[in-house]
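The structure appears below as structure tokens.
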Amino acid sequence: MRSISVARLVLAAAILVPLGAVAQSPQAQADAAVSKFDRVMRPPAAKSARRTVFSQSELNAYLRYKASWLPQGISDATVGFLDANHVSTSVVADLDHVRQRSSGGWFDPTAYLKGKLPVFVSGTLTTGGGRGTFQLERATVDGIPVPPMFIQEIFAYYTRTPELPSGMRLDAPFLLPSEIERIDVAAGQATVVQ
């Protein structure tokens, strides 16, 4: 009798584990993130709070498979939801692109590094009232600590638009789109509140 129960358990695991793996494939997670982004970008019809939870793995799958909007020269983007309002991001940035637009002088931090290198940034994301700020706490390029000025040069270069020819400031407050009130970050997930 006991061997039948064990056999059923093993059979159930043999069937359910692969099914679970298929449902949690990176492509399925990317698709789930796209659906959630579509929902978030449509402002809620009712005035009651709407919460949309993104897992870290969903967002990283999205960045890997669906983020065609990433600028040329940025690849291998990942995000980390570390704990209460602490986030990190890592990309491979083509610093040759950045150097072409910089002054190249002695005090230009981008004059000293070239090629495609991993850039890591972590800090505190504070949001509320439809606005947000990011406070940089740690930054490295190819594992070497770099000053905030260096990261600002990279960020400004990759956020340039016709409306913002100098790019965005990393430390400047920003508006949250689509009536987003705030984004709550916890270990492994971020919750968008509208």
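The values are calculated or read from the model by the stated rules, or taken from the named source; none is laboratory data. None of the values given here were measured: they were computed from a predicted structure. Cβ coordinates were reconstructed from backbone atoms using ideal geometry, including for glycine residues, and neighbour counts include every protein chain displayed. The protein model used for the area step is the full one, side chains on, heavy atoms only, and it has no ligands, DNA or RNA in it. Shrake-Rupley method; radii C 1.70, N 1.55, O 1.52, S 1.80 Å.
Contact annotation: residue pairs with Cβ atoms under 9 Å, 6 or more positions apart or on different chains, pairing a residue in the range 136-152 that is farther than 15 Å from L95 by Cβ with a partner that is open to solvent by 60 Å² or more (accessible area, probe 1.4 Å) and among the basic types (K, R), are P145/R138. Restricting the range 27-50 to residues that are among the basic types (K, R) and in a loop (DSSP other than H, G, I, E, B) leaves a set whose member that is most open to solvent (accessible area, probe 1.4 Å) is K47.
Please state which one of S55, S90 is closer than 17 Å to L136 by Cα and either in contact with a helix residue (DSSP H, G or I) (Cβ under 7 Å, 6 or more places away or on another chain) or in contact (Cβ under 8 Å) with a residue 12 or more places away in the chain (or both).
Criteria check complete, one pass: S90.
Here are G129, G115, G105: which of them is more than 19 Å from the chain's Cα centre (by Cα), surrounded by fewer than 17 Cβ atoms within 10 Å (Cβ to Cβ) and modelled with pLDDT of 95 or more?
Among G129, G115, G105, only G129 is more than 19 Å from the chain's Cα centre (by Cα), surrounded by fewer than 17 Cβ atoms within 10 Å (Cβ to Cβ) and modelled with pLDDT of 95 or more.
Among the residues of the range 180-194, the one identified as outside any loop (DSSP other than H, G, I, E, B), open to solvent by 50 Å² or more (accessible area, probe 1.4 Å) and farther than 16 Å from F134 by Cα is Q189. Taking the range 132-160 as the range and being among the polar types (S, T, N, Q) and at pLDDT 95 or above as the test, the residues that pass are T133, Q135, T140. Beta carbons closer than 8 Å, at least 6 apart along the sequence or on distinct chains, pair a first residue in the range 24-45 that is under 15 Å from E181 (Cβ atoms) with a second that is hydrophobic (A, V, I, L, M, F, W, C) and not in a helix (DSSP H, G or I) for V40/I180; V40/V192. Of the residues making up the range 58-85, those that are out of contact with any strand residue (DSSP E or B) (no Cβ under 7 Å at 6 or more places or on another chain) and open to solvent by less than 40 Å² (accessible area, probe 1.4 Å) number 3.
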